[in-house]
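Below: the structure, in structure tokens.
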Amino acid sequence: MSHLRAVINLDVAGPTVSRHLYGHFAEHLGRCIYGGIWVGEGSGIPNVRGIRTDIVEALRGIATPNLRWPGGCFADEYHWHDGVGPRESRPSMVNTHWGNVVENNHFGTHEFMDLCAQLGTEPYISGNVGSGTVREMAEWVEYLTRSGKAPMSKLRRENGRPDPWRVKFWGIGNETWGCGGNMRGDYFADLARQYSTYCRNHDGNVLYKIASGARSDDYSWTQSLMQTMGDYGCGCNPKHYFDAVSFHYYTGLTNRKHGSATDFTTDEYLESLANAWRVETMIERHSNVMDVYDPDGRIGLVLDEWGTWWAVEPGTNPRFLYQQNALRDALIAGLHFDAFHRNAQRLIMANIAQTVNVLQAMLLTFDDVLVKTPTYHVFEMNKGHHDAARLDVHLLDATPTEQYNDRTVPLVTTTATAKEDHALISLTNLDAEADHTITYNLRGGDPSGVSARILHADSLQSHNTPERPDAVAPTTFDGANLSQNTLTVTIPAHSFVTVRLATGRSNPSESEEQQ
Ligand code: AHR
């Protein structure tokens, strides 16, 4: 057990922690859309226009801020024209990336936009660069966002939607270094400028264009994009072809990449933590590259795929990427969110992969039964950070660590934000064995009350099933004590805790949205 001291200045607001750091991702992959979100109108499972009701309710419970769709690798095979019009006459296609299954296109643009409306979430659409055309992407934008007599607006009306939708987030390609076309960075940078040119803002709908970015730590990819992304020549009216660049990073095991989600050793646990922590270094280094070309921070960094990637559950299709989700996954999510908060000045969006039944999912379906995963609960417990002002946590003592080969793995992480009349502190104790205590000196405020919740279970391998849906679920926590301006929290081994402090004042916040 260690005892750490920390200082938080309640009256010094940092950058806004965008709610979009808590974004999601739903691909046509395995049972994410079909058999997950989409059951069809004729299903015996309760649904609204084919979209499963319990999933909508659960995702509303975590205030899902945005949803990325239709991929992933699938996006670069997807031709949106095939997914509109009467369902029975939509053509089929083969989903070659994910199991060679036949996709009937029953879940298309209208169904996705309906899902977003039911969730109260912002759509983030990933356009096809790999096997699509500039015209196809331009027409999709027109179909979605333009009113009046344009040909695509007319087609949309014929398909039952008179008014255009509002779509802000627009992805130009996905993993164009790999499944999205196996391109080289400089080539894609030019191609992205070309696609971006024809993705127009129609009728006051302003697109926020996100260029497909690097694989993990390929900083040269980010450099290729940043070098070519804007014309700064005139100095008076800088123009950017994109508003953001993305990158993807998944946590697995180093050599055996996909170990079991629920059957792992303490050593493998440490290895997964060491790999998960790499995300913070990557965010910082991609940001450093961006700083060179964009010192004013106008271009956002987007981590639009992140999460754990384990072996599929035994007996399931290896290309469906269906994995269980244990307490370990929740702690890794807690670690990621702290890294996101600390880098909120540049990182404006992140999307966990994926929403239902795929990779580090929020929700698992078992026929008509829905199970919330431990990761879901971290999203729910951290909801108060959405659009709050970051409060820097200054640690006065060294964080406890453990050594994994040549890597030093921090075992405790904590961040804080302030909003309205309260502050929210998150703490993750990654230590498999030991409890740790943190004493926060709360300066610049007069905290008047405290309440806390904990996500904990007997073992790191604990997970939720239809038989034990709440094996890992948040409970009230009495280990946080406030005495005047001193908050002391003893956080048990392998736990995630949130502490809500009543600050009795309207907190300072950078009220402007970051994008
Ligand atoms: O999320 C699963 C896949 O991982 C996505 O389709 C792809 O973009 C990434 O490689």
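Points worth noting:
- When all alpha carbon pairs of the range 19-386 are counted in 20 Å bins from zero, the resulting P(r) reads 30, 61, 9, 0 %.
- Between Asp478 and Asp458, the FRET efficiency from the beta-carbon distance, with R0 = 22 Å, is close to 0.70.
- Taking packing as the residue-averaged number of other Cβ atoms within 10 angstrom, the listed peptides 341-353, 423-435 run from highest to lowest as 341-353, 423-435.
- Taking the average, over residues, of other Cβ atoms within 10 Å as the packing measure, peptides 389-401, 278-290, 322-334 rank 322-334, 278-290, 389-401 from highest down.
- Mean residue ellipticity, 222 nm, helices only, the chain: the sum of -39500 (n - 2.57) across DSSP H runs of n ≥ 4, divided by residue count and rounded to 500, is -7000 deg cm²/dmol.
- Dipole check for the range 19-386: with +1 at the C-beta of Lys and Arg, -1 at the C-beta of Asp and Glu, and the Cα centre as origin, the magnitude is about 800 Debye.
- Proximal aspartates and glutamates relative to Lys372, as straight alpha-carbon distance under 14 Å, when same-chain residues fewer than 8 apart are discounted: Asp54, Glu57, Asp329, Glu380, Glu467, Asp470
Bear in mind these aren't lab numbers, they're just calculated from the coordinates by the rules spelled out. Computed from a predicted structure; not experimentally measured. Cβ: placed from backbone, ideal geometry, glycine included. Neighbour counts: every protein chain shown.
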